[in-house]
1. Give just the number: which of (1) modelled with pLDDT under 95; (2) within 22 Å of LEU267 (Cα to Cα) does ALA157 not satisfy?
2. Can you confirm whether ALA164 is farther than 25 Å from LYS271 by Cα, in contact with an Asp or Glu (Cβ under 6 Å, 6 or more places away or on another chain) and open to solvent by less than 10 Å² (accessible area, probe 1.4 Å)?
3. Sort out which residues of the stretch 146-168 are more than 21 Å from ALA53 (Cβ to Cβ) and in a strand (DSSP E or B), and write them in order of number.
4. Quick one: is ARG202 in contact with a Leu (Cβ under 8 Å, 6 or more places away or on another chain), modelled with pLDDT of 95 or more and not hydrophobic (A, V, I, L, M, F, W, C)?
5. Considering each residue of the stretch 42-61, count those that are farther than 21 Å from VAL216 by Cα and either at pLDDT below 95 or charged (D, E, K, R) (or both), and give that number.
Amino acid sequence: MTTPPSTDHPIGADRTPEPPAEPSRTARAHSFNAAAAQYAANRPSYPPALFDAIEDLTGRPLTGARAADIGAGTGIATALLHARGANVIAVEPGDGMAAQFRRALPGIPIIRGTGDDLPLTDASVDLITYAQAWHWTDPARAVPEALRVLRPGGALALWWNTDALDVPWIAEAAARTERHFGIDVSAEKRNVNARAADPTGRLDFTHRTVRWSRRVPVDTHLANIGSHSVFLVHGAEHTAAFLAEEREHLLRTFPDGFVEEVYEVVLLLAKSPA
């Protein structure tokens, strides 16, 4: 995915006179390191059905597979791969995220690096995963790197939790975000496709979508959306005002104080030549 402003968006409030200037891609990519604990505590996980789909598409169980989770962040996906029996190693470029990962998952190895220059040997893994992370790569570099590191017949799996915009309250929140930040929230799903993931067309991606939900307190939901880069780069005061307005909207929709977040995980998976 090549458009981070749409792939890593929150849902938020309104009443902003005009959208702020769009921060640089680099600033957004680095913004997570200062909010790693918030990210780890509040971001959504991924459903078991996602990993069932990966096993189905690769034709092999995750148990015993040699896997590399790239852009591992705080380890949300890494931990789930490990729990499914994969022999997984994490790759993460950020200081703050890597430190949070080590605190949470001391038994899983993590090395510093990026998808554009993988610190892994040739033909060394069966599976490479990118959970919410491929859009921070340069596909022209990341695709050849993935093919170099994968064993023959191995697989590259990319996935994103995307908002289920057919749910009315989520669509309304997305519209508030669009007005406030001047971003196209609906572009998120349009840009999660094989052409955006690999403009060179070297990979033959299969697409799967897994719908799931979680019920969380309003504070968790607000902390989740506040951990997205579009908030992190605009300063604490700006973010606090935005989230205060969004709290009012949410409590009108969910008077019991619990939010039903609904997601569609978009999975793209391609195999390397056998």
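1. Every condition holds for ALA157 apart from (1).
2. Values: farther than 25 Å from LYS271 by Cα: yes; in contact with an Asp or Glu (Cβ under 6 Å, 6 or more places away or on another chain): yes; open to solvent by less than 10 Å² (accessible area, probe 1.4 Å): yes.
Judged against the criteria, ALA164 is a match.
3. Hit for the stretch 146-168 is PRO152, nothing else.
4. Numbers: in contact with a Leu (Cβ under 8 Å, 6 or more places away or on another chain): yes; modelled with pLDDT of 95 or more: no; not hydrophobic (A, V, I, L, M, F, W, C): yes.
No.
5. So in the stretch 42-61, the residues farther than 21 Å from VAL216 by Cα come out as 51-61.
Filter again for either at pLDDT below 95 or charged (D, E, K, R) (or both), leaving 52, 55-56, 60.
Within the stretch 42-61, residues that are farther than 21 Å from VAL216 by Cα and either at pLDDT below 95 or charged (D, E, K, R) (or both) number 4.
The values are calculated or read from the model by the stated rules, or taken from the named source; none is laboratory data. Note that the structure is predicted; figures quoted are calculated from it, not measured. Glycine also receives a Cβ, built like all others from the backbone with ideal geometry; neighbour counts cover every protein chain displayed. Heavy atoms of the whole protein, side chains included, go into the accessibility calculation; ligands, DNA and RNA do not. Shrake-Rupley method; radii C 1.70, N 1.55, O 1.52, S 1.80 Å.
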